[in-house]
Amino acid sequence: MAAQIDPKKCTMCGGIVQPICVEICPDKAVRVQNGRAVITEFLCEDCNECGIACPDKAIKVTVDVVTF
């Protein structure tokens, strides 16, 4: 399962143009669409780089079984 962004917690890093999660994602799976950060599931490799970097703690990766 891909990372999930909680829109209630996400502040877009305080309103900056490019949120940290977009910049940090090595797979380019996070982008801004309609004024909020979204994740493209098929690009996300569950590395959790975005979740670690998120100052709002709005991103979670829920992995039941680690396959790598």
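Bear in mind these aren't lab numbers, they're just calculated from the coordinates by the rules spelled out. Since this is a predicted model, take the numbers as computed values, not measurements. In this analysis, Cβ positions are derived from the backbone assuming ideal geometry, glycine residues included, and neighbour counts consider all displayed protein chains.
Structural remarks
- Take the Cα of residue 18, step 7 Å toward its Cβ, do the same at residue 43, and the gap between the two points is 1.3 nm.
- Candidate cross-link partners of residue 8 among the aspartates and glutamates, defined by an alpha-carbon separation under 19 Å and a same-chain spacing of 8 or more, comprise 56.
- Relative contact order for the range 4-60: 43 percent, from Cα pairs under 8 Å spaced at least 6 residues apart, divided by residue count.
- Among 30, 17, 38, residue whose mean-square fluctuation peaks in a GNM of the chain (springs only between Cα atoms under 10 Å): 17
- Integer Hz, Karplus 6.51/-1.76/1.60 couplings in order for the range 5-13, x for Gly and Pro: 9, 7, x, 6, 8, 6, 10, 6, 6
- The orientation-averaged projection of the convex hull spanning the C-alpha atoms of the chain amounts to 4.4 square nanometres.
- Peptides ranked, highest mean first, by Cβ atoms within 10 Å: ranges 9-16, 22-29: 22-29, 9-16
- For the chain, the dipole from Cβ point charges (+1 on Lys and Arg, -1 on Asp and Glu) about the Cα centre works out to 320 debye, to the nearest 20.
- Counted by Cβ distance under 11 Å from residue 25, the other residues give a net charge of -2, where Lys and Arg count +1 and Asp and Glu count -1.
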